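See below for the structure under consideration.
Values in this text are rule-based calculations from the coordinates and carry no lab data. Being a predicted model, the structure only gives us computed values, none of them experimental. Note that each Cβ is placed from the backbone with ideal geometry, even for glycine, and that neighbours are counted across all protein chains shown.
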Amino acid sequence: MSVDVAWWVSRAVLAYGLVGLLFAVLFVSLGVRRVDPLAAEGTLGFRLAILPGCALLWPLMARRWLSGQRHPPQERSAHRAAAAAQHVDDGA
Amino acid sequence: MAHSYRAVGWNRTKKVYDRTLVLGVLLFLALFVGATATTNPDMSAEIMLMRAFGTGAFVLLHVVLVIGPLCRLDRRWLPLLYNRRHLGVAMFVLGLLHAVLAVVVYHAFGDVDPLTSILSANARIDSLSQFPFQPLGLAAFGILLLMAATSHDFWLANLTPPVWKALHMLVYVAYGLLVMHVALGALQAETSAVLAGLTGAGLLLVTLLHVIAALREAPADVPHAAAGDRVSVPHGVAADQSADDCWVAVCPVDSIPEGRAHITCLAGERVAVFRWDGRVAAVSNACQHQNGPLGEGRVIDGCITCPWHGYQYLPASGRSPPPFDERVPTFAVRVEDGHVLIDPRPRPPGTELEPAIIGDAVGAGS
């Protein structure tokens, strides 16, 4: 990789990381309790433990926070999908 | 899980595990540095430490990778799997120390910033000895960082176990990158064949164990009807069945050891058929916590207990006992003519179904 391209790539990585870090601090302080009820009384250690992940996956968590989702998503699997479909067919 | 998140849910087992891990890592580093200082006294301290951390991380990565297949081949390895995430984080910390020292030694004092320096160094992809091996290590480091950063249960719940597992399967990509990082980096400067031999042996061990474990598990993933097993409507009750009401004979009830499960494949996934206290019940095989194999666990205190982290479910309902609220799909079960019959339609997670009674002439249906 040429030095010019490497410079732009490193700047892009740095910008993503800095935005992620700022978002992560805000999110673990204020947002995490809104997207997962079990995080409402999460300890300081828990908030520090998830901070790096929030910085890396900030677009995902920002979208979830802004969309107002109050609970983690439901797991998708063949059995759970078939059970849900069966439940609907039965009119339950 | 019905309690608030903490940084680590400590218990005695985890403390013993982590103390053993830290002692093992420190012992390895001390031995490595001692042996290197003896055989190569001219090597600088920072390079010696950089190699010690890198080698320690690479060895731990092998341990992390072989635990899975070893547990599938022999249950006695399961205690190692219990806290595998801490092994992974320890491996990442060693890799981080290796990376920091590599940046300080080779990339911190040039004309460009360290990241640009790593990405643009050694552009000779047509040369083995000058191949850009450092970007390979950087890419592996990025994957291991993502895995370590998402190792908390919060991420399991918020990414969902299948997505979390898929993300953490990237460890195999990281391993491939690191094998190339070592082969095209450190090994190019080595005159001895010992390190190359050890690297090759490690790769062979990881590959062989995964292949053997996969071959051993393959029969459980064959869909039942396609495998030629009998799909039946039990005699005597056939007239009462609706058109879409079929039962699949999965195994003789005597083939299931007391308190254990038979694993079969129905409706596109594995199903765990448990026998305990003269009864039989079936649940989806994937634990809601980390999609661990419930069918490889046991019934303890009347609860199906996941072999990975001890999450428990009541066999009849697939629900964790209070105050926990995990739920897995359940299946209707009958026992007739000494065979276990299962309705292959999964019921919604946590649906209570009457267990089949072994020896009941009519059989307990749904």
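Every Cα-Cα pair in the stretch A:1-79 was counted, and those over 22 Å apart are 36% of them.
Take the Cα of residue B:30, step 7 Å toward its Cβ, do the same at residue B:127, and the gap between the two points is 4.2 nm. For the protein assembly as shown, the mean residue ellipticity at 222 nm estimated from helices alone is -16000 deg cm²/dmol, where every DSSP H run of n ≥ 4 contributes -39500 (n - 2.57) and the total is divided by all residues, rounded to the nearest 500. Here the Karplus relation 6.51 cos²θ - 1.76 cosθ + 1.60, evaluated at θ = phi - 60°, turns the backbone of the stretch B:11-28 into coupling constants of 8, 4, 4, 5, 5, 4, 4, 5, 4, 4, 4, 4, 4, x, 5, 4, 4, 4 Hz, with x for every Gly and Pro. Summary value for chain A: 31 percent relative contact order, contacts being C-alpha pairs under 8 angstrom separated by 6+ residues. Where Rh denotes the Kirkwood radius from the mean inverse Cα pair distance, what is Rg over Rh for chain B? Ratio of gyration radius to Kirkwood radius for chain B: 1.09. Coupling constants for the stretch B:347-353 follow from the phi torsions by the Karplus curve (6.51 cos²θ - 1.76 cosθ + 1.60, θ = phi - 60°), and in residue order they are 8, x, x, x, 6, 7, 10 Hz; glycine and proline get x.
For peptide B:110-122, the mean count of partner chain Cβ atoms within 10 Å of a residue's Cβ comes to 4.
Taken residue by residue and averaged, Cβ atoms of other chains lying within 10 Å of the Cβ of A:4-10 number 5.
Just the projected area, averaged over all directions, of the convex hull on the alpha carbon atoms of the protein assembly as shown: how many nm²?
Working: hull surface 104.6 nm².
So the mean shadow area of the Cα hull is 26.1 nm².
Would you mind checking the stretch B:117-140 for residues with the amide N under 15 Å from a putative spin-label position 7 Å along Cα→C-beta of residue A:3? Under cut-off, by backbone N: B:117-123. Counting Cβ atoms of other protein chains within 10 Å of each residue's Cβ and taking the mean over peptide B:6-17 gives 2. Note that the stretch B:96-169 carries a Kirkwood radius of 14.4 Å, evaluated over its alpha carbons pair by pair. Each residue of the stretch A:7-22 was assigned a 3J(HN,Hα) from its phi angle through the Karplus expression (A = 6.51, B = -1.76, C = 1.60, θ = phi - 60°), giving 5, 5, 5, 5, 5, 5, 5, 4, 5, 4, x, 5, 4, x, 5, 4 Hz with x at Gly and Pro. Placing a label point 7 Å from the Cα of residue B:16 along the Cα-to-Cβ direction, the residues of the stretch B:75-111 whose backbone N falls under 14 Å from that point are B:78-83.
Across the stretch B:1-88, Cα-Cα distances exceeding 15 Å account for 68% of all pairs. In nm, to one decimal, how far is the residue B:113 label point from the residue B:210 one, both placed 7 Å along Cα→Cβ? Each label point is offset 7 Å from its Cα along the Cβ direction, giving 3.5 nm. Measuring from each cysteine beta-carbon in the protein assembly as shown, the ones with no other cysteine beta-carbon under 4.7 angstrom are A:54, B:71, B:246, B:251, B:265, B:303.
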